[in-house]
Amino acid sequence: GFQNFIIRDIGSFRNVNHLLDMGLRPSIDFGFYYGMLGLLVQRIAFAIFGGSYWTTLGLTGGVLALTVIFWWLLAREFGFSWWNFAILLGLYEMMVGIAYSGPTPAHALVRVLMAYSLLCTLKGMLRLALVLAGLATLAIPSLPIILIGMLCVTIIWQWWQAPQRRFRDLVAQFGPAVVVYVLGVLSFIVVFGWRSTLPSLFPVHGMAMYRAINLGF
């Protein structure tokens, strides 16, 4: 992550935090391609612990701890052994390490939230899986959108296959995710304003940036 810290500082969002302190607004006064969840989490952390790299590294340590716990729980689903756990964790670190670019709040959150969402799906806890996928979308509105779509199709299909199709059961499955998502958006509007929040809910700016640097869809 040295290049990000010293040259670009993309991942840590400390440049963005500095711009916010200057009174500038994301997506209006400067380009911003992520959702607001990572920015809000870091903003709160900086307000409590100070805007230093120690705070950023502390958040990274928390993410790594949650990652290890996730692989521990997944290994248990497959019949836990230390060998399985080491293999799963090692493969994950190899895959992530290829494109790792330092402590990135948005990417760290989307990895953890999607991982736990998939774990909940594996365990049949689709309601909670949808809540976590919705939060992941607020971190980066890209791949989690696909996960949300797949979960919605699965929930509706299971509801349709049930012996008694009651509409309130369907509402109960979707309700918590909708409430959490709406509360998140309202929080962003209060903190960052609606003009900054609205573009962050869709992948429009990110897709435009990818096209500009010839990275395709």
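If one takes the longest principal axis of the Cα atoms in the chain, at what angle in degrees, from 0 to 90 and to the nearest 10, does the Cα axis of helix 143-161 lie? The two axes meet at around 20 degrees. Taking every DSSP helix (H) stretch of at least 4 residues in the chain, weighting each as -39,500 (n - 2.57) and dividing the sum by the residue count yields a mean residue ellipticity at 222 nm of -23500 deg cm²/dmol. When volume of the Cα convex hull per residue in Å³ is computed from the coordinates, the matching label among (i) 131; (ii) 165; (iii) 146 is (iii). Taken along the Cα-to-beta-carbon direction at a fixed 7 Å, the label points for L64 and L186 span 3.8 nm.
The angle between the Cα long axis of helix 37-49 and the main principal axis of the chain comes to about 60°, on a 0 to 90 degree scale.
Across the protein chains, with a 1.4 Å probe defining accessible surface, the residues R25, R43, R168 rank R168, R25, R43 from largest area downward.
Counting alpha carbon pairs within less than 8 Å and at least 6 residues apart, what relative contact order, in whole percent, applies to the chain? Intermediate results must be reported in sequence, preceding the final value.
Numbers: 208 pairs, mean separation 55.3, N = 217.
Averaging sequence separation for qualifying contacts and normalising by length gives 25 percent for the chain.
Once the Cα atoms are used to define both axes, helix 82-98 deviates from the longest principal axis of the chain by about 40 degrees. Annotation: amide H of F30 within the under-5 Å range of R25, sequence separation 5 or more or interchain, hydrogens built in the peptide plane. Ranked by the mean number of other Cβ atoms within 10 Å of their residues, highest first, the peptides 199-206, 110-117 fall in the order 110-117, 199-206. Along the range 109-122 the Karplus relation, 6.51 cos²θ - 1.76 cosθ + 1.60 evaluated at θ = phi - 60°, assigns HN-Hα couplings of 5, 5, 5, 5, 5, 5, 4, 5, 5, 5, 5, 5, 4, 4 Hz to successive residues, with x for each Gly and Pro.
The values are calculated or read from the model by the stated rules, or taken from the named source; none is laboratory data. Every value quoted in this text rests on a predicted model; they were computed, and no experiment measured them. Don't worry about glycine lacking a Cβ; one is built from the backbone with ideal geometry, like all the others, and counts go over all protein chains shown. The accessibility values were calculated without ligands, DNA or RNA, using every heavy atom of the protein model including side chains. Shrake-Rupley method; radii C 1.70, N 1.55, O 1.52, S 1.80 Å.
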